[in-house]
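Participant: Questions regarding the structure given below will be posed in turn.
The values are calculated or read from the model by the stated rules, or taken from the named source; none is laboratory data. Treat the numbers as computed from the prediction; the structure is a model and nothing was measured. Glycine gets a Cβ as well: all are built from the backbone with ideal geometry, and neighbour counts include every protein chain shown. Keep in mind that these areas ignore ligands, DNA and RNA; they rest on the heavy atoms of the full protein, side chains included. Shrake-Rupley method; radii C 1.70, N 1.55, O 1.52, S 1.80 Å.
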Amino acid sequence: ISSDSSFPMVSTDAEAVPKTLDSWEQAEILAGRTVMQLDESKGERAWHIATPIMIEGKVIGALRGLFSVKEYDELIKQEIEAARAIGIAVLVVTSGTFLLLIRVKVHHPIHQVLQAMRMVESGNLLTHAPVRGPSEIQEIAAQFNRMLDHVRKSDTEKDLLLEKVQHFNETLQKR
């Protein structure tokens, strides 16, 4: 087949079969290579593929096909939507997990320290704050407990001193 002659062609798209191949397509087919190009002109994406028909190494014709990628585009769209849904689900689960961890590891220990402070404020010096949670909260609870120990010690010393003063006062009154 010479470059100026035409091939017999078979096509999957009877309406769009060109009478001959373009000159660059014909050159590629004559060289024994397949030609592909993506066509987006009709609103639906499709691959035009032309491949040589060869017998004993000689090109005797060409087979041209039009292959729609609509199904693949829809599949890709579904995969993207599924990935988006999975991403949102992972984000929700991760956020919920972090919220739960913060509540258990931070909020609950802070609440316990505040509860101990309220009990001391109401006059109960026998309470203490549990030393739990992150290191900063543990440090606050431990410092609160040390301060409370000093208050108890001072209160005990005050009571002893007051008792001594009362005893001394009673002794002076008897004389």
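Participant: Condition first: farther than 21 Å from V104 by Cβ, among the β-branched types (V, I, T), in a helix (DSSP H, G or I) and in contact with a helix residue (DSSP H, G or I) (Cβ under 8 Å, 6 or more places away or on another chain). Can you find one or more residues in region 119-133 that meet it?
Facilitator: Yes, there is a match, as at least one residue in region 119-133 is farther than 21 Å from V104 by Cβ, among the β-branched types (V, I, T), in a helix (DSSP H, G or I) and in contact with a helix residue (DSSP H, G or I) (Cβ under 8 Å, 6 or more places away or on another chain).
Participant: Look at I80 and say whether it is part of a helix (DSSP H, G or I) and either among the polar types (S, T, N, Q) or open to solvent by 70 Å² or more (accessible area, probe 1.4 Å) (or both).
Facilitator: Spelling it out, I80 is indeed part of a helix (DSSP H, G or I) and either among the polar types (S, T, N, Q) or open to solvent by 70 Å² or more (accessible area, probe 1.4 Å) (or both).
Participant: May I ask you to list pairs of residues, at least six apart or on different chains, whose Cβ atoms are under 7 Å apart, with the first in region 129-142 being within 17 Å of I102 (Cβ to Cβ) and the second being in a loop (DSSP other than H, G, I, E, B) and open to solvent by 80 Å² or more (accessible area, probe 1.4 Å)?
Facilitator: Going by the 7 Å Cβ cut-off, the qualifying pairs are Q138/R132.
Participant: Within region 45-53, can one find any residue that is open to solvent by 60 Å² or more (accessible area, probe 1.4 Å) and within 42 Å of the chain's Cα centre (by Cα)?
Facilitator: Within region 45-53, one or more residues are open to solvent by 60 Å² or more (accessible area, probe 1.4 Å) and within 42 Å of the chain's Cα centre (by Cα).
Participant: Hey, another quick one. Which condition number does G65 fail, the rest of (1) of a type in the set (G, A, S); (2) open to solvent by 80 Å² or more (accessible area, probe 1.4 Å); (3) touching a His at 6+ places or on another chain (Cβ under 8 Å) being met?
Facilitator: Unmet condition: (2).
Matching residues to (1) surrounded by 14 or more Cβ atoms within 10 Å (Cβ to Cβ); (2) within 30 Å of F144 (Cα to Cα):
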| residue | (1), (2) |
| --- | --- |
| I60 | no, no |
| K70 | no, no |
| I76 | no, no |
| L99 | no, yes |
| L114 | no, yes |
| V131 | yes, yes |
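Participant: Name the pairs whose Cβ atoms lie under 6 Å apart, with the first residue in region 54-67 and farther than 12 Å from A31 by Cβ, the second open to solvent by 50 Å² or more (accessible area, probe 1.4 Å) and in a strand (DSSP E or B), and 6 or more positions between them or separate chains?
Facilitator: I60/I53; G61/I53; L63/V10; L63/I53; F67/W47
Participant: Right, another one. Would you check which residues across region 143-156 are open to solvent by less than 100 Å² (accessible area, probe 1.4 Å) and more than 30 Å from L101 (Cα to Cα) and list them?
Facilitator: D149, V151, R152, S154, D155, T156 - these are the residues of region 143-156 that are open to solvent by less than 100 Å² (accessible area, probe 1.4 Å) and more than 30 Å from L101 (Cα to Cα).
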